[in-house]
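J.: Here it is, the structure in full.
The numbers here are math on the coordinates, done by the rules we state, and not lab data. Keep in mind the model is a prediction, meaning the values are calculated, not measured. When we count neighbours, we look across all protein chains shown, and the Cβ atoms used for this are built from the backbone with ideal geometry, even at glycine.
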Amino acid sequence: MATSKHDTPGDAHGHQEPAHYDGHAHGHISVATYYRVFGALMLLMFLTVGAWWLEGVVAIPRLLGVIVALTIASTKTLLIVLFFMHIKVSSRMSQLYAAASLVGLLMLFIVIMGDYFARGWPPQLGPLP
């Protein structure tokens, strides 16, 4: 039985989509990629422990330690969101929602930290009024 080009959805140029095509762009992450991401997460975990240990042995500025810890934590978070939550291969709308939620979280942190620092730093010592 011959099939016509109208049996499956296609575009104006006659390119046909597979019969199981549902209109959504879904990608696939290979098992090898999952293993590479897992390896990267394990390396970053060892870097976190190593940075903590180094901070106890060598006197480094507190700000530098915080920057290193936040950089490592942000990298781990990015890997988990992109690969294990499948944002990397999701539709543009899902990626937009993920980015918008990150922007909202950052705005919340900025407002909370602005309030925290506006209350006076360092806290006043002595008896309560």
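J.: Rg/Rh for the range 27-85 to two decimals, with Rh computed the Kirkwood way over all alpha-carbon pairs.
T.: The Rg/Rh ratio comes out at 1.11.
J.: Using a 7 Å offset from the Cα along the Cα-to-Cβ direction at both S94 and T71, what is the distance between the two label points in nm, to one decimal?
T.: Here the answer is 3.1 nm between the modelled labels.
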